[in-house]
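S.K.: First the structure, which I've put down as structure tokens, then a few questions once you've had a look.
The values are calculated or read from the model by the stated rules, or taken from the named source; none is laboratory data. What you are looking at is a predicted structure, and each value in this text was computed from that prediction instead of being measured. With ideal geometry, Cβ positions are generated from the backbone for all residues, glycine too; neighbour counts draw on all protein chains shown.
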Amino acid sequence: MALRALITGITGQDGSYLAEFLLSKGYEVHGLIRRASTFNTHRIDHLYTDPHNPGVRFFLHYGDLSDSGQLTNLIYEVQPHEVYHLGAQSHVRVSFDMPEYTGEVTGLGTTRLLEAIRRSGVKTKFYQASSSEMFGAAPPPQNESTPFYPRSPYAAAKVYAYWMTINYREAYGLFACNGILFNHESPRRGETFVTRKITRGLSHILAGKEKKLYLGNLDARRDWGFAPEYVMCQWLMLQQEEPDDYVIGTGETHSVREFVEEAFTYVGVELEWKGRGVETKGIVTSVREEWSDRIAPGDVVVEIDPRYFRPTEVDVLLADATKAERKLGWKPRVAFTQLVRIMVDADMERVGLTSPGEGLKILKDHDILWTQNTLTM
Ligand code: NDP
Ligand code: GDR
């Protein structure tokens, strides 16, 4: 009999990769989706087949993390062996505009799901998508023993959910794990997170669709990894003898400014920075021949829009993932430069431009490992 997994947040970046990964491992995969007035399943459409067909192993169910009755029904109906709780209002900047809603979905949503599991009596394992944002202002490097210092409503909601997960483990013996994942990105990253915003913006500038990229704090530093490698860890955590909590990251930190420079340089556009703070501008100094009808030296291609600043910022995140390497045998393969190339190539393809192709090659090699389930083991 196939193992059954239930994924909340299946329409998101991680949910789509995790669904692919679990299907490749022979799981029957069930996902919670929200009803929307337009299609919101583009990241998983390639996995969907008519549920009336024989042998189908992929099922979607309507529900919402604010609706505890439906969550309980779903646990009863699916009787999952593993629950991956990835659903959340996941945007940090937006959480300042919607603090109550973020607490409701990102924080209380976790409690609702934990309660649905407890009340149903279904024996299942539980993965909580915890976040490096919980470390907030704690000095780097951050590991499992670093005290949390959340700097946003989102981070505070995740800290609450983290402790609720531990409480259900200790109070009710639930096999529950927190994956404290540092930022992870991919061509499927939401368009308003900074990495994707940069690679998409760059491709639009090269295609002549946009003139400039408007960003916020260029000096924030993040530990950016590649999402498919991270969802494997979510699965690995639930395959251990004992439930535990793990930090997952690359151990490299880079600024938003460096991400911009790396992306532009990769396609043959060099920048220099002029001005400080909100006056900062990214100005083109040289351009590869093939783009010279779109941009030219002297053009301002990056400007600051204070709208993207956060009332409280997280300055530096840097993972110490020693425990995951030791206990899960996990090590990331895709480093910063490769990640940038993968994302730039993918966005250039999307707008019909020929990309340098190094990222696509990395992605292709990676996909072979991925489908053979030998990515990191
Ligand atoms: P996304 O923003 O791409 O996806 C979020 C998912 O949650 C979407 O499927 C979304 O559905 C769903 N969702 C939002 N609100 C609700 C709701 N009220 N009820 C049901 N589902 C809802 O996030 P990621 O894939 O990047 O991240 C997955 C999880 O991991 C999130 O919990 C995130 O906070 C956490 N995380 C992410 C990290 C990262 O770097 N990516 C790092 C650490 C933690 P819809 O498509 O309908 O909007
Ligand atoms: P983050 O990711 O807040 O770390 O949360 P995001 O990409 O939004 O921001 C990273 C850093 O970039 C700075 N920044 C900008 N950010 C955005 N979104 N847009 C901009 O224009 C911009 N300019 C600069 C930000 O200030 C910040 O310092 C992500 C989410 O996936 C969370 O759900 C997850 O928990 C954490 O990563 C780990």
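S.K.: So which of Ala19, Ala2 ends up being at pLDDT below 95 and out of contact with any His (no Cβ under 6 Å at 6 or more places or on another chain)?
M.R.: Ala2
S.K.: Which of the residues spanning region 309-337 are over 19 Å from the mean Cα position of the chain (by Cα), within 21 Å of Val92 (Cβ to Cβ) and of a type in the set (Val, Ile, Thr)?
M.R.: Selection gives Thr312 alone.
S.K.: From the list Thr102, Thr49, Thr72, pick out the single residue that is crowded, with 18+ Cβ neighbours inside 10 Å and either under 18 Å from the mean Cα position of the chain (by Cα) or part of a loop (DSSP other than H, G, I, E, B) (or both). Let's see the steps before the verdict.
M.R.: On the way: Thr49 fails: crowded, with 18+ Cβ neighbours inside 10 Å; Thr72 fails: either under 18 Å from the mean Cα position of the chain (by Cα) or part of a loop (DSSP other than H, G, I, E, B) (or both).
When all the criteria are applied, what remains is Thr102.
S.K.: What is the one condition in (1) part of a helix (DSSP H, G or I); (2) near ligand 1 (Cβ under 9 Å from one of its atoms); (3) surrounded by 17 or more Cβ atoms within 10 Å (Cβ to Cβ) that Phe21 does not satisfy?
M.R.: Phe21 satisfies all of (1) part of a helix (DSSP H, G or I); (2) near ligand 1 (Cβ under 9 Å from one of its atoms); (3) surrounded by 17 or more Cβ atoms within 10 Å (Cβ to Cβ) except (2).
S.K.: Here's another thing I want to ask about it. Just one of (1) closer than 25 Å to Lys123 by Cβ; (2) within 13 Å of ligand 1 (Cβ to nearest atom); (3) outside any loop (DSSP other than H, G, I, E, B); (4) not β-branched (Val, Ile, Thr) trips up Gly87, so point out which.
M.R.: (3)
S.K.: Quick check on my filter: what residues within region 105-122 are part of a loop (DSSP other than H, G, I, E, B) and touching a residue at least 40 places away in the same chain (Cβ under 8 Å)?
M.R.: The answer is Val122, and nothing else.
S.K.: A further question on this structure: Go through region 192-210 and count every residue that is part of a loop (DSSP other than H, G, I, E, B) and near ligand 1 (Cβ under 10 Å from one of its atoms).
M.R.: Final tally of qualifying residues: 2.
S.K.: Can you name every residue in region 52-69 that is of a type outside the set (Ser, Thr, Tyr) and surrounded by 11 or more Cβ atoms within 10 Å (Cβ to Cβ)?
M.R.: Val56, Arg57, Phe58, Phe59, Leu60, His61, Gly63, Asp64, Leu65, Asp67
S.K.: Exactly one of these conditions fails for Gly329: (1) in contact with a Leu (Cβ under 9 Å, 6 or more places away or on another chain); (2) on the phi < 0 side of the Ramachandran plot. Give me its number.
M.R.: Every listed condition holds for Gly329 apart from (2).
S.K.: Could you look through region 211-233, keep only residues that are outside any loop (DSSP other than H, G, I, E, B) and within 23 Å of Gly136 (Cβ to Cβ), and pick out the one that is farthest from ligand 2 (Cβ to nearest atom)?
M.R.: Looking at the filtered set, the residue picked out is Cys233.
S.K.: Any residue in region 298-313 that is at pLDDT 95 or above sitting within a Cβ distance under 8 Å of a residue that is part of a helix (DSSP H, G or I) and within 16 Å of ligand 1 (Cβ to nearest atom)? List the pairs, counting only those 6 or more apart or interchain.
M.R.: Tyr308/Arg93; Arg310/Val92; Arg310/Arg93; Arg310/Phe96; Pro311/Phe96
S.K.: For Gly136, all conditions in the list (1) assigned to a helix (DSSP H, G or I); (2) touching a residue at least 24 places away in the same chain (Cβ under 8 Å) hold save one; what is the number of the exception?
M.R.: With (1) assigned to a helix (DSSP H, G or I); (2) touching a residue at least 24 places away in the same chain (Cβ under 8 Å) applied to Gly136, the lone miss is (1).
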